[in-house]
1. Which of the residues spanning the range 227-248 are more than 14 Å from ALA141 (Cα to Cα) and either touching a Cys at 6+ places or on another chain (Cβ under 6 Å) or not small (Gly, Ala, Ser) (or both)?
2. Output the residue which, of all residues in the range 206-248 that are part of a loop (DSSP other than H, G, I, E, B) and among the aromatic types (Phe, Trp, Tyr), is modelled with the highest pLDDT.
3. Where the second residue is among the small types (Gly, Ala, Ser) and surrounded by fewer than 17 Cβ atoms within 10 Å (Cβ to Cβ) and the first is closer than 21 Å to GLY148 by Cβ and lies in the range 219-247, which pairs have Cβ atoms under 9 Å and are six or more apart or on separate chains?
4. So, in the range 1-24, of the ones that are part of a loop (DSSP other than H, G, I, E, B) and in contact with a strand residue (DSSP E or B) (Cβ under 9 Å, 6 or more places away or on another chain), which residue ends up surrounded by the most Cβ atoms within 10 Å (Cβ to Cβ)?
5. Which count do you get for residues in the range 85-111 that are in a helix (DSSP H, G or I) and closer than 30 Å to ASN176 by Cβ?
Amino acid sequence: MHDFDLNKKTAIITGGAQGFGLDIAKRFINSGCKVRIWDLDETELKKASNEINSDKLNYDVVDVSNFTQVKNTAGKIAENSNIDILINSAGITGSTAELWNYEINEWLKIIEINLHGTFYCCKAVIPYMIKNNYGRIVNIASVSGKDGNANASAYSSSKAGVIGLTKSLGKELALNNIAVNAVTPAGANTRILNQMSKEHVQRMLSKVPKGRFLEVHELTSMICWLSSEENSFSTAAVFDISGGRSTY
């Protein structure tokens, strides 16, 4: 497995207590990075901290859909450290239903966490990156944001929004040595699949030419490169990792 040089860097990883976020945190730490994982679930944060057991790891209980909380927490971190990397991994899939039967409160919750949460975290952190003339931001979107998934209109819409946000923001920061990119994974073997019906999971799998779900470490490798200084020219881009499902 390739080693990435993240020494002397500090990263914030939202949704970092489990799934993609937790695996990214582990790989970042092994690459020399100091990591702050944010999550709403303090119990899971403590479990993750005990599992990683590193002095390079700290955690904060943060609701990414609460801008005041996001801004205050980022400000406290910036008092003692640069914020070099931001990984927006926090997200929920929500229930599966036809759009005309979709609960409005459920729709709003998904958009608030997945799209507005990404916006809030970027808005809070970017001024510190601009001040330091350095930053790497990776937004975890989804192949559903490109293709759309039936019975998942809220989730698909939120991730399409993240893709659009990434393209705009990457252009805005292109001259500030701050790279902003999105990744669009297909379904992966994480707990998020448990939020979906078995029928919906099977439909997702049937669309992947490789005939399997994404392994978490495969996504982590891509994100490590995007978060490193080696990525010196790619910005405002969308990196597909869908096993051949999406080819654009």
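1. GLU229, GLU230, ASN231, PHE233, THR235, ARG245, THR247, TYR248
2. Out of the qualifying residues, it is PHE233.
3. So the pair list comes out as GLY243/GLY211.
4. The qualifying residue surrounded by the most Cβ atoms within 10 Å (Cβ to Cβ) is GLY16.
5. Going through the range 85-111 one residue at a time, the tally reaches 1.
To keep it simple, each residue is scored yes or no on (1) crowded, with 19+ Cβ neighbours inside 10 Å; (2) on the phi > 0 side of the Ramachandran plot.
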residue: ALA74; (1), (2): yes, no
residue: ALA90; (1), (2): yes, no
residue: ASN101; (1), (2): no, no
residue: LYS123; (1), (2): no, no
residue: ASN133; (1), (2): no, yes
residue: TYR155; (1), (2): yes, no
residue: ASN176; (1), (2): no, no
residue: ALA179; (1), (2): yes, no
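The values are calculated or read from the model by the stated rules, or taken from the named source; none is laboratory data. Just so we're clear, the structure is a prediction, and the values are computed from it rather than from any experiment. Backbone-built Cβ (ideal geometry, glycine too); neighbour counts: all protein chains shown.
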